[in-house]
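Let me begin by presenting the structure, written as structure tokens, before commenting on it.
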Amino acid sequence: MRWAAAFLGAVIAFAAPVHAQIEVDVVGGISAPMPIAIPVMPTPAQAGTPAGDTGSLGARVAEVITNDLRNSGLFRPLAESALRPVTFPQVTAPDFAGWGTTGAQALVQGFVQANGDGTLTVGCYLYDVFARSELTRQGFVVRPADWRRAAHKCSDTVYTRLSGEGPYFDSQIVYVSETGPKQHRTKRLAIMDQDGANHRFITNGQSIVLTPRFAPNQQTLVFMSFENDRPRVYVYDVGSGRKRLVVDQPNMTFAPRFSPDGRYIVFSMAVNGNTDIYRVPASGGGATRLTSSPGIDTAASYSPDGSKIVFESDRSGGQQLYVMNADGSNQQRISFGGGRYATPVWSPRGDLIAFTRIGGGFAVGIMSPDGSGEKILTNGWQDEGPSWSPNGRVIMFFRTAQGSGKADLWSVDLTGVNERRVPTPLDGSDPAWGPLRP
């Protein structure tokens, strides 16, 4: 797979884009979404591929981009009935006068071309309709099976240029897929694209699994399993399907997470009635104890630079959030609002910590690493288990309807306004958003 910045030279000559001042309001979120046109992408020559003919792929690529940008809450894609057909020559010479009558402020055009080596070329162009100027362009050379990744990459190009935020559409989610009655749930690990596509199960449901987390390389997972009725943490290789124990101990181990560089795994282990946080090399070896206070210390999450760890502890009498250095020193409480606090996770940007607040229900919120600026983002009956998008602007969590015992995956952005359900084939819990794919 190749992301080619200059591949279009043989198809359409590149020119330096003219940069206008069009941008979206990332603070207001969906209060003022930008009208944007995303017409079907034409093809220079109709050709068949294992993923379908290039004409139909042009429509499907545009559909994925439309859904991505709409789901961000920052854009309002024009309805299909308002879109104008685009010819191949118009890809680099848009009909600005015509598009100006639709109310669109921005225009995404492109093309899909079959190459002689069996790959696809997907071109992506972003224009400012009012300024009649090109803002950016990118080209992507992919296997036909990866056409959706090219579409997500195009969405990321548009989103990043217009919002100033980092990309996040070309990413994956690992979560716990659930089915069955409330008191006897079958739980399997599953992986899917962030929009719910390309879904697949990676465990068979014979053992309960919880809290899956990606390694930075996205090729490895760490999770807790009740295999043989012994709750312990395993490392799982996504490619081979092989798994191994993180630490071969008779004690209960749980709540694992990788360090940002992938060298370590932090987890909790219950020993003689006390639960503390430990660190172990991801490649295997002895575990180092990081906390020692009486009570339960768990749910550790590294800061993106790896220098600090946020965790939850009931050492003060109820669940609260604490921050410590990566070696376990300088442990400081940071949560002082009403209720209890759990499942903290550090933003990939380093500026915020997401958490679950418990008190009159469960809600997902954010605060600064020093505990200031607390903000509650959701108001469902039971919202919990936040996980950050790669750009640190969107949070995925799971929501359980009152009395149902059934959970679904949801996402919300930092405004707390753009909240939506994430589609899964079955019920879902414990989501973990992986890094941006290379």
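Quick look at the numbers
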item: Meets criteria (of a type outside the set (Ser, Thr, Tyr), open to solvent by less than 40 Å² (accessible area, probe 1.4 Å) and modelled with pLDDT of 95 or more) for ILE376; result: no
item: Residues located in the range 315-343, provided they are over 12 Å from SER293 (Cα atoms) and touching a Pro at 6+ places or on another chain (Cβ under 8 Å); result: LEU321, VAL323, ILE334, THR343
item: The range 317-337 residues that are under 11 Å from SER307 (Cβ atoms) and open to solvent by less than 30 Å² (accessible area, probe 1.4 Å), paired with ones that are assigned to a loop (DSSP other than H, G, I, E, B) and small (Gly, Ala, Ser) (beta carbon under 7 Å, 6 or more apart); result: ALA326/GLY306; ALA326/SER307
item: Test: residue in the range 166-186 that is more than 27 Å from ARG399 (Cα to Cα) and either in contact (Cβ under 8 Å) with a residue 40 or more places away in the chain or of a type in the set (D, E, K, R) (or both); result: no
item: Those residues of the range 268-311 which are open to solvent by 10 Å² or more (accessible area, probe 1.4 Å), under 17 Å from SER368 (Cβ atoms) and either in contact with a His (Cβ under 7 Å, 6 or more places away or on another chain) or in a strand (DSSP E or B) (or both), in sequence order; result: TYR302, LYS308
item: Among residues of the range 395-410, those that are part of a strand (DSSP E or B) and open to solvent by 10 Å² or more (accessible area, probe 1.4 Å), counted; result: 5
item: Pairs, first under 13 Å from GLY123 (Cα atoms) in the range 35-58, second of a type in the set (Ser, Thr, Tyr) and in a loop (DSSP other than H, G, I, E, B), C-beta under 8 Å, six or more apart; result: PRO42/THR87; THR54/THR43; LEU57/THR43; LEU57/THR49; GLY58/THR43
item: Where GLY434 falls short, out of the listed (1) in a loop (DSSP other than H, G, I, E, B); (2) modelled with pLDDT of 95 or more; result: (1)
item: Number of the exception - LEU107 against (1) more than 19 Å from the chain's Cα centre (by Cα); (2) farther than 15 Å from PRO77 by Cβ; (3) buried (at least 20 other Cβ atoms within 10 Å of the Cβ); result: (2)
item: Whichever residue in the range 238-264 is in contact with a strand residue (DSSP E or B) (Cβ under 7 Å, 6 or more places away or on another chain) and farther than 21 Å from ASN228 by Cβ and, among such residues, is surrounded by the fewest Cβ atoms within 10 Å (Cβ to Cβ); result: ARG263
item: Test set (1) out of contact with any Phe, Trp or Tyr (no Cβ under 9 Å at 6 or more places or on another chain); (2) farther than 30 Å from ALA32 by Cα; (3) not charged (D, E, K, R) - VAL174 fails condition number; result: (1)
item: Residue within the range 359-379 that is more than 16 Å from the chain's Cα centre (by Cα), part of a loop (DSSP other than H, G, I, E, B), of a type in the set (D, E, K, R) and over 20 Å from ASP156 (Cβ atoms) present; result: yes
item: Which numbered condition GLU384 misses (of (1) of a type outside the set (Ser, Thr, Tyr); (2) assigned to a strand (DSSP E or B); (3) open to solvent by less than 30 Å² (accessible area, probe 1.4 Å)); result: (3)
item: Failed item in (1) at positive phi; (2) part of a strand (DSSP E or B); (3) surrounded by fewer than 23 Cβ atoms within 10 Å (Cβ to Cβ), with GLY392 passing the rest; result: (2)
item: Qualifying residues in the range 188-206 (those that are in contact (Cβ under 8 Å) with a residue 24 or more places away in the chain and among the charged types (D, E, K, R)) - the one nearest to ASN67 (Cα to Cα); result: ASP195
item: Residue that is farthest from the chain's Cα centre (by Cα), among those in the range 277-299 that are of a type in the set (A, V, I, L, M, F, W, C) and under 10 Å from GLY328 (Cβ atoms); result: LEU290
item: Of residues in the range 121-134 being among the aliphatic types (A, V, I, L, M) and over 15 Å from ILE65 (Cβ atoms), the one surrounded by the most Cβ atoms within 10 Å (Cβ to Cβ); result: VAL129
item: Top-ranked residue in the range 91-102 [being farther than 13 Å from ALA131 by Cα and over 34 Å from the mean Cα position of the chain (by Cα); ranked as most open to solvent (accessible area, probe 1.4 Å)]; result: THR101
item: Looking only at the range 216-237, and only at residues there that are in a loop (DSSP other than H, G, I, E, B) and over 24 Å from ALA145 (Cβ atoms), the one that is least open to solvent (accessible area, probe 1.4 Å); result: PRO231
item: Matching residues in the range 168-192 - criterion: being part of a loop (DSSP other than H, G, I, E, B) and modelled with pLDDT of 90 or more; result: TYR168, PHE169, ASP170
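The values are calculated or read from the model by the stated rules, or taken from the named source; none is laboratory data. Predicted model, so just to flag it, every value in this text is computed and none were measured. All Cβ positions, glycine included, derive from the backbone under ideal geometry; neighbour counts span all protein chains shown. Ligands, DNA and RNA are excluded from the accessible area calculation, which covers all protein heavy atoms including side chains. Shrake-Rupley method; radii C 1.70, N 1.55, O 1.52, S 1.80 Å.
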